[in-house]
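Laboratory data are not the source of any read-out in this text; all were calculated from the coordinates shown. Keep in mind that what you see is a predicted model, and the values were worked out from it rather than measured. Cβ sites come from the backbone with ideal geometry, for glycine too, and all protein chains shown count toward neighbours.
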Amino acid sequence: MLKIAKLSRSTFYYQAKIQQGGDKYATLKAQIREVYDRHKGCYGYRRITAELHNAGSGVNHKTVQRLMQLLGLKSLVRPKKYRSYRGEINSNVPNVLDRQFRANQPNQKWVTDVTEFNVRGDKLYLSPVMDLFNGEIVAFETRRTPQLPLVSNMLKRALSKLGDRQTPLLHSDQGWQYQMPAYRRQLEEHGLTQSMSRKGNCLDNAAMESFFGILKSEFFYLNKFDSIELLDAGLRKYIHYYNHERIKTKLKGLSPVQYRNQYSMGQLLASNVQQIGVSSFVG
């Protein structure tokens, strides 16, 4: 019977046991366990869901995740995170930001980092810079390799957005790109203050880590990409959506760009009122 059903002995008896108990998810649990066992614990809930979809099931990934938790099944493979740190070059840069992630005005505090995406063995790297005032992605660069232009081109785009006398602090981890003389010259020439996280302490750049988490959970993990080109195009659309349309409760229900525009309008009105007051006093 086991050979006919093409089930492992443990899966077969598990299915028989739970069916006797009247569990409405009995069959689905058995299918999940069978896929998990067949792939030797290397599949997490996303890939098990995909496998079940390929077999004709329309089960939701959240249901699979919940049932795996009930069954005590967890992927034995942990995702590898891109690390740009390659040892100290000349990283005597203090942690000036010191986890003070609030900014009182635009272009006062920036943070940056690099993250990696993998599509069928091909990799794409994203280097964004975020304004801590409103969480807006000021500029970004994508490339197939994590070389210096990935960061330097991003910085060039970000610098072009600055107004007169705007010299933000720019915080990063101790990635080798941020320690290169060419990168540091860019900062010095525009009067920016460089700040770096302490070695191996991702919480020092928690705001950027949070953005990467949102980006991957809302965009990358929920979509299927057949090529790096499609991923790249999708990233650009998502970042535009994130800046212009995705509202945040801490921004009073506004998107980052809407919040910045509201602030700028308020500053303009305050300036006009002040000028009117001065004119009236002089008159």
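Per 0.36 nm of contour for each residue apart, how much would the distance between ARG46 and ASN201 grow if the chain were fully extended, relative to their Cα-Cα spacing?
Length gained, ARG46 through ASN201: 52.9 nm.
Can you run phi through the Karplus equation (6.51, -1.76, 1.60; θ = phi - 60°) for region 211-226 and list ³J(HN,Hα) in whole Hz, with x for Gly and Pro?
Taking θ as phi minus 60°, the curve returns 4, 4, x, 5, 4, 6, 6, 8, 10, 5, 6, 9, 10, 10, 10, 8 Hz for region 211-226.
Tell me the trypsin sites (Lys or Arg not before Pro) within region 160-229 that lie in a loop according to DSSP and have at most 10 other beta-carbon atoms within 10 Å.
Qualifying residues, ordered by number: ARG165, LYS224.
Given labels modelled 7 Å from the Cα in the Cβ direction, how far is it in nm from TYR25 to TYR241?
Placing both labels 7 Å along Cα→Cβ, they lie 2.8 nm apart.
Return the distance in nm (one decimal) between the two label points of a simple spin-label model at LEU268 and ASN60, each offset 7 Å from Cα along Cα→Cβ.
4.4
What does the charge count around THR142 come to, taking other residues whose C-beta lies under 9 Å from its C-beta (Lys +1, Arg +1, Asp -1, Glu -1)?
Charge balance near THR142 sits at +1.
Quote to one decimal, in nm, the extra length available between ILE214 and GLN105 on full extension: 0.36 nm per residue of separation minus the C-alpha distance between them.
Length gained, ILE214 through GLN105: 36.9 nm.
On a straight-distance basis, which aspartates and glutamates could pair with LYS248 in a cross-link, Cα separation under 19 angstrom, same-chain partners fewer than 8 positions away excluded?
The reachable aspartates and glutamates, counting only those whose Cα sits under 19 Å from LYS248, are ASP131, GLU136, GLU209, GLU218.
Please report Rg (one decimal) and Dmax (integer) in Å for the Cα set of region 109-260.
When restricted to the Cα atoms of region 109-260, Rg and Dmax are 15.3, 45 Å.
Between LYS123 and LEU230, how many nm apart are label points set 7 Å from Cα along the C-beta direction?
The two pseudo-label positions are separated by 2.2 nm.
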